[in-house]
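Worksheet: one structure, shown below.
The values are calculated or read from the model by the stated rules, or taken from the named source; none is laboratory data. Keep in mind that this is a model prediction, so the values were computed, not measured. Reconstructed Cβ throughout: ideal geometry from the backbone, glycine too, with neighbour counts over all protein chains shown. Ligands, DNA and RNA are stripped out before the accessible areas are found, and what is left, the full protein with its side chains, is counted by its heavy atoms. Shrake-Rupley method; radii C 1.70, N 1.55, O 1.52, S 1.80 Å.
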Amino acid sequence: GGYDGQVFVTDLERVVSDQLGSVRMSQNARYGSIDAVSSVAWNPLMSNLASVTCDSGFLHVFDPRVNRERPTIVLATGAERLNTHGWLDAHALLLGYGDGTLRLFDVRRADECVVTFRDPH
């Protein structure tokens, strides 16, 4: 990911099998985002899930087992300046925004924020 809005989903098993099979170019997926990519994270408990956040407030969750060319979940978080994120467990994501707000989302119910944390000062 980066400022060009491009996310490359690479299946390392596919790359290795393509190289062993003398395939000249591996068929890994490229996904064109709509905005600058602000952070990328792998799920620590489910190695098939990767997530990407964009400055515009969108969260994209990829599962290459389901679809290598499109995200499995696209969530409009409702706020811009989404700067960073991290997985807390297999399903929970903590998203950090430019105004200091943190929002907790559960990807099983991604349409709603579980809780919002704000700096009281």
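Counting the residues of the stretch 107-120 that are part of a strand (DSSP E or B) and surrounded by 15 or more Cβ atoms within 10 Å (Cβ to Cβ) gives 1. Please go through the stretch 62-74 and give me each residue that is open to solvent by 60 Å² or more (accessible area, probe 1.4 Å) and at pLDDT 85 or above, ordered by number. Of everything in the stretch 62-74, those that are open to solvent by 60 Å² or more (accessible area, probe 1.4 Å) and at pLDDT 85 or above turn out to be Thr72, Val74. Residue count for the stretch 75-101 satisfying the condition of being open to solvent by 70 Å² or more (accessible area, probe 1.4 Å), modelled with pLDDT of 90 or more, touching a Ser or Thr at 6+ places or on another chain (Cβ under 9 Å) and not polar (S, T, N, Q): 1. Looking across the stretch 32-45, the residues that are surrounded by fewer than 16 Cβ atoms within 10 Å (Cβ to Cβ) and in a loop (DSSP other than H, G, I, E, B) come down to Ile34, Asp35, Ala36, Pro44, Leu45. Say we look at the stretch 46-84 and pick out the residues that are under 9 Å from the mean Cα position of the chain (by Cα) and not in a strand (DSSP E or B); which of these is nearest to Asp111 (Cα to Cα)? Across the stretch 46-84, the extreme among qualifying residues is Pro71.
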